[in-house]
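The values are calculated or read from the model by the stated rules, or taken from the named source; none is laboratory data. Since this is a predicted model, take the numbers as computed values, not measurements. Methodologically, a virtual Cβ is constructed for each residue, glycine included, from the backbone with ideal geometry; neighbour enumeration extends over all protein chains shown. Ligands, DNA and RNA are excluded from the accessible area calculation, which covers all protein heavy atoms including side chains. Shrake-Rupley method; radii C 1.70, N 1.55, O 1.52, S 1.80 Å.
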Amino acid sequence: MTTPIYYVNAAPHLGHAYTTIAADVMARHHRQRGDEVFFLTGTDEHGEPVADAAHALGIEPQQLADQNAQRFKALAPEIEASNDFFIRTTDPQHEAVVRSVLSRVRENGYVYEGTYEGWYCPRCADFKAESEIDEGNRCPIHHIELTREREDNYFFALSAFQERLERLYSQRDDFVAPRTRYNEALSFIRSGLRDVPLTRHKLTWGVSVPWDPEHVFYVWFDALLNYYSALSYAPAPAGFAPDGDLIKRLWPASYHLIAKDILRFHAVYWPALLMAAEIELPEHIFVHGYLLMDGEKMSKSLGNVLDPFAVIERFGADALRFYLLREVPFGQDGSVSTTSFELRYESELANELGNLASRTIGMLMRYRDGAVPDAELDPVLELDFAGLPQRVAAQIDAAELTLALDEIWQRVRRLNRYVEERAPWRLARETDGADQLDAVLASLVQGLHAVAVLLWPYIPASTERLLAALGSEDVSLAGAELGARRVEHVRELESLFPKEPAAGPA
Ligand SMILES: [Zn+2]
């Protein structure tokens, strides 16, 4: 499971947090299923934008890369990302793999010398095709004026992979998801591939080209190879049998998670490069959309930027994770705001899940001293929960992280309705209500256990607290079957999502 490596010319923001959180949900979900997971994230540190930003600050590119890489590295634990490794493209081991793989691409006959002339965006570090240039010769992403560049380069023969890429897309319709992005990548391929520069001549901040040290590799090829190179030197994750060769064990990547703006590099250049190097292709590329503020891409001047760090400080990382995956249908663009965040926090996390947990545990303490009755589960609830873990897993396999969360949340609501329907407080007053009350309390707490396990990838810290109160630490997916893991005793639980969380920073 990989995130893109983040570019160090700027500081981390909500968009980075979003991608990493989504990848983390998938990584945790697969660990729940008992899969062997290696979750990779890191930083992309070479190329013109970093060199330019460093020169503007009067420091060396390496110094800027070091500073900002630390900030990205620090972001991961703040958002509870469980990554197994953090790669930096200035790691010498990564650079060695870049040199060796790209030399093999050359030996295989896919590299040649030529002259490139075209419109170039220094912020994208990319040449633009005529069809994607905005009015006034501007970058469609950065809206800055493009420069005309002419450079002697080595080229990667992308056009040689036209047919093989078309075949790949026709044979594997789940290679890119969602479908709109698959179609977009395929139509780019069908429009006719042109060869692309593999190296830069005028630049020095990059991985030097072994067969011509006056060149450095174009930053995109250097960066893409991180997914592969990391396995050549990352330590094996805890729990893995000590077997040295992670590449043999884990390659190809199961899931590359990316945002839609880097689709072409991942869905076209990357598979072609791997074909050229005779390396197996990744299994899936999942593409998410943008988080928008009032329909616009986030902008500080609008003054309503959802600051991930402020949210985490006041409400905790779980609340941010839940909100982002609940509010914006995963894969699409969607608006986020502090207003809708606070609404969901209060109405869903606090009122629905928080209350369900506290009233369930509260009633067990009040009526049964915390001991869960050994009663048959209510068949009505059993029916409502039947097949739930399998459905959630299928949704996540299809990159539907929001639909999966909705499946679970419907059960949170179902359990709250169940409390209202059965009114345990009434049963407790009835002289012959003890058996029924036993069944209701047992069913309720098993349902709570099931949703806690299923929600763990999304809100790990809160569900771990909840599961601890239910006397269970096991988060494996099998335990999400209703009644699969009997809860025997409950303990007091402090409010999972307090209505008045820590006062925010001014
Ligand atoms: Zn640009």
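Which ones in region 267-281 are out of contact with any helix residue (DSSP H, G or I) (no Cβ under 6 Å at 6 or more places or on another chain), surrounded by 18 or more Cβ atoms within 10 Å (Cβ to Cβ) and free of Cβ contacts under 8 Å to residues at least 60 places away in the same chain?
L274
Name every residue in region 1-29 that is assigned to a loop (DSSP other than H, G, I, E, B) and among the small types (G, A, S), in order of residue number.
A10, A11 - these are the residues of region 1-29 that are assigned to a loop (DSSP other than H, G, I, E, B) and among the small types (G, A, S).
Of all residues in region 49-74, which are β-branched (V, I, T) and free of Cβ contacts under 8 Å to residues at least 60 places away in the same chain?
Matches in region 49-74: I59 only.
Looking only at region 141-153, which residues are open to solvent by 80 Å² or more (accessible area, probe 1.4 Å) and more than 9 Å from the ligand (Cβ to nearest atom)?
Once the filter is applied, which keeps residues that are open to solvent by 80 Å² or more (accessible area, probe 1.4 Å) and more than 9 Å from the ligand (Cβ to nearest atom), region 141-153 yields E145, R148, R150, D152.
Considering only residues that are open to solvent by less than 70 Å² (accessible area, probe 1.4 Å) and either at pLDDT below 95 or under 21 Å from the mean Cα position of the chain (by Cα) (or both), which ones fall in region 169-191?
Passing the criteria: F175, V176, A177, P178, R181, Y182, A185.
Just one of (1) surrounded by 15 or more Cβ atoms within 10 Å (Cβ to Cβ); (2) within 15 Å of P49 (Cα to Cα) trips up R106, so point out which.
The one condition R106 does not meet is (2).
Out of all the residues in region 4-25, is one or more of a type in the set (A, V, I, L, M) and open to solvent by 30 Å² or more (accessible area, probe 1.4 Å)?
Scanning region 4-25 turns up at least one residue that is of a type in the set (A, V, I, L, M) and open to solvent by 30 Å² or more (accessible area, probe 1.4 Å).
Of the residues that sit in region 433-470 and are farther than 22 Å from L381 by Cα and open to solvent by 50 Å² or more (accessible area, probe 1.4 Å), which one is nearest to the chain's Cα centre (by Cα)?
Across region 433-470, the extreme among qualifying residues is E464.
Mind telling me which of the residues G114, G34 ends up being away from the ligand (no atom under 16 Å from the Cβ), within 21 Å of R150 (Cβ to Cβ), out of contact with any Lys or Arg (no Cβ under 9 Å at 6 or more places or on another chain) and of a type outside the set (D, E, K, R)?
The conditions single out G114.
Kindly list, by first and then second residue, each pair from a residue in region 131-151 that is touching a residue at least 60 places away in the same chain (Cβ under 8 Å) to a residue that is assigned to a strand (DSSP E or B) and within 13 Å of the ligand (Cβ to nearest atom), limited to pairs with Cβ atoms under 8 Å and residues at least 6 apart or on different chains.
I141/C121
Checking the conditions here, which among A439, A393 is closer than 30 Å to A177 by Cβ and among the small types (G, A, S)?
A393
If we scan region 345-365, do we find a residue that is in a loop (DSSP other than H, G, I, E, B) and open to solvent by less than 40 Å² (accessible area, probe 1.4 Å)?
no
More than 16 Å from the ligand (Cβ to nearest atom), at pLDDT 90 or above and not hydroxyl-bearing (S, T, Y), is that true of E166?
yes
Considering only residues of region 119-140 that are open to solvent by 80 Å² or more (accessible area, probe 1.4 Å) and within 9 Å of the ligand (Cβ to nearest atom), which is modelled with the highest pLDDT?
R138
Checking Q62 against (1) within 30 Å of T19 (Cα to Cα); (2) at pLDDT below 95, only one condition comes out false. Which one?
Among (1) within 30 Å of T19 (Cα to Cα); (2) at pLDDT below 95, the lone unmet condition for Q62 is (2).
Provide a single number: the residues in region 386-419 that are surrounded by fewer than 20 Cβ atoms within 10 Å (Cβ to Cβ), among the charged types (D, E, K, R) and over 17 Å from Q332 (Cβ atoms).
6
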